[in-house]
Amino acid sequence: MAKVTSKYQVTVPKRIAEQYHIRPGDDIDWLPAGDAIRVIPHGQNAAPPGRESQVRLFDQATERHRRRPSGAVLKRADSRGWKRKDLDVRGRSR
């Protein structure tokens, strides 16, 4: 996950930068896309998606969702090495 700095700068994750061949100094375009923001390497098709493109993007998202493992086990708080009751006494003398 990337953070926005106080100067409104964002770091592109290395995996994404390599996948889309984004290098330091490259320009990228930011486009509103409903409840999301599309980040497009400058020079690529930055036009808002038409109906065919929207369907293709939906199909790609559906396929990614289908490939996710079902019944994935979420990490529980006790796997962090502390228990919830420990939070109540932190910073207080026992």
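The values are calculated or read from the model by the stated rules, or taken from the named source; none is laboratory data. Every value quoted in this text rests on a predicted model; they were computed, and no experiment measured them. Ideal geometry is used to build each Cβ from the backbone, glycine not excepted, and the neighbour counts take in all protein chains shown.
Do you know which of the residues in region 24-39 that are surrounded by 10 or more Cβ atoms within 10 Å (Cβ to Cβ) and more than 20 Å from M1 (Cβ to Cβ) is modelled with the lowest pLDDT? Walk me through how you get there before you give the answer.
Taking region 24-39 as the starting set, the residues that turn out to be surrounded by 10 or more Cβ atoms within 10 Å (Cβ to Cβ) are 26, 28-31, 33, 38-39.
After this cut, where a residue has to be more than 20 Å from M1 (Cβ to Cβ) as well, the list is 26, 29, 31.
On the way: D26: 90, D29: 87, L31: 83.
Among them, the one singled out is L31.
Limited to region 2-22, what total is found for residues that are at negative phi and surrounded by fewer than 10 Cβ atoms within 10 Å (Cβ to Cβ)? Lay out the reasoning, then the answer.
So the first thing to find is which residues in region 2-22 are at negative phi, and the list is 2-7, 9-20, 22.
Next, from what is left, pick out any that are surrounded by fewer than 10 Cβ atoms within 10 Å (Cβ to Cβ): 3-7, 9, 14-15, 19.
Summing the residues that are at negative phi and surrounded by fewer than 10 Cβ atoms within 10 Å (Cβ to Cβ) in region 2-22 gives 9.
Which condition number does V73 fail, the rest of (1) surrounded by 10 or more Cβ atoms within 10 Å (Cβ to Cβ); (2) at pLDDT below 80; (3) hydrophobic (A, V, I, L, M, F, W, C) being met?
Going through the list (1) surrounded by 10 or more Cβ atoms within 10 Å (Cβ to Cβ); (2) at pLDDT below 80; (3) hydrophobic (A, V, I, L, M, F, W, C), V73 breaks only (1).
Could you check how many residues of region 1-27 are over 17 Å from L57 (Cβ atoms) and either touching a His at 6+ places or on another chain (Cβ under 6 Å) or among the aromatic types (F, W, Y) (or both)?
2
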